[in-house]
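Each remark here refers to the structure printed beneath this line.
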Amino acid sequence: MTKNRCGWCVGDPLYEAYHDEEWGVPVYDDDTLFEFLILETFQAGLSWITVLKKRENFRKAFDNFDYKKIVNYDTSKVKDLLQDVGIIRNKLKVNATITNAQAFMRIQEDFGSFSKYIWDFVDGKPIKNAVKYYKEAPGNTPLSDAISKDLKKRGFKFVGSTVIYAHMQATGMVNDHEVSCFRYHEV
């Protein structure tokens, strides 16, 4: 029996697996939230499948997204990253990853965890939308605008409202699975 999936992932096994297993599942773990945030920042201006195909390379290159290590990256490490053909070699985004790791840790200090900080924007529970066709889902919302503005105020880079809304979708803060998708009622 064929599963009815959101239209954006159909036809690519990697995309379908990501959709079926991860996308929209509420994430409360700081390590995973950081990984998704960094991947979303690298996705800015590109397609998500481009990032997804390079995800394992990103994990290797960025010490498995260990923000405690990333905060200490120096110019030599940045130079190495910019030579790594397995990742997206954008100097501004690579440097933003270091800046974002620092800001991430400051939020942890201020709020106890990044998870508590980010999930407080939705009172700790996912917003369940009723998207009929994935192209009707918004690219951003007033809430993603507010989160983006707050993150920027706290020193984050490459966290525009569209990036933040994609992060909210990926980490289950908002359920934008199509209502006909088998995952809509599961997450």
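The values are calculated or read from the model by the stated rules, or taken from the named source; none is laboratory data. Just so you know, these numbers come straight off a predicted model, no measurement behind them. Reconstructed Cβ throughout: ideal geometry from the backbone, glycine too, with neighbour counts over all protein chains shown. The protein model used for the area step is the full one, side chains on, heavy atoms only, and it has no ligands, DNA or RNA in it. Shrake-Rupley method; radii C 1.70, N 1.55, O 1.52, S 1.80 Å.
Of note:
- Taking the Cα centre of region 39-187 as reference, the dipole from Cβ charges on Lys and Arg (+1) and Asp and Glu (-1) amounts to some 420 debye.
- Share of carbon and sulfur in the accessible heavy-atom surface of the chain [1.4 Å probe, %]: 51 percent
- Here's how it looks for Val131: its modeled amide H is under 5 Å from those of Val179, which are all 5 or more places away or on a different chain.
- Spacing of the modelled spin labels on Phe121 and Val71, each 7 Å from Cα toward Cβ, amounts to 2.1 nm.
- Options Trp48, Ser76, Asn100, ranked by Cα towards positive dipole end of region 1-126, top entry (Cβ charges): Ser76
- Between the residues Gly172, Asn140, Val187, the greatest Cα displacement towards the positive end of the dipole of region 106-187, with unit charges on the Cβ of Lys, Arg, Asp and Glu, is found for Asn140.
- In this rough spin-label picture, where each label sits 7 Å from Cα along the Cβ direction, the Glu56-Thr99 distance is 3.2 nm.
- Heavy-atom surface of the chain, accessible at 1.4 Å and reported per residue (Å²): 49 Å²
- Tilt relative to the chain, helix 91-111 - C-alpha long axis, 0 to 90 degrees, to 10: 80 degrees
- Modelled spin labels at Lys149 and Glu186, positioned 7 Å past Cα toward Cβ, are 3.7 nm from each other.
- Degrees between helix 30-43 axis and first principal axis of the chain (Cα, 0 to 90, nearest 10): 90 degrees
- Two-site FRET efficiency, Ala130 against Val25, from Cβ-Cβ distance with R₀ of 25 Å, rounded to 0.05: 0.85
- Distance from the alpha carbon centroid of region 150-166 to that of region 1-66 works out to 18 angstrom.
- Hull-based mean projected area of the chain, where the convex hull spans the alpha carbons, in square nanometres: 10.4 nm²
- For region 1-99, the Kirkwood estimate of hydrodynamic radius, built from reciprocal distances between every pair of different alpha carbons, is 14.6 Å.
- Relative packing of 165-178, 125-138, 95-108, which averages over residues the other C-beta atoms within 10 Å, highest first: 165-178, 95-108, 125-138
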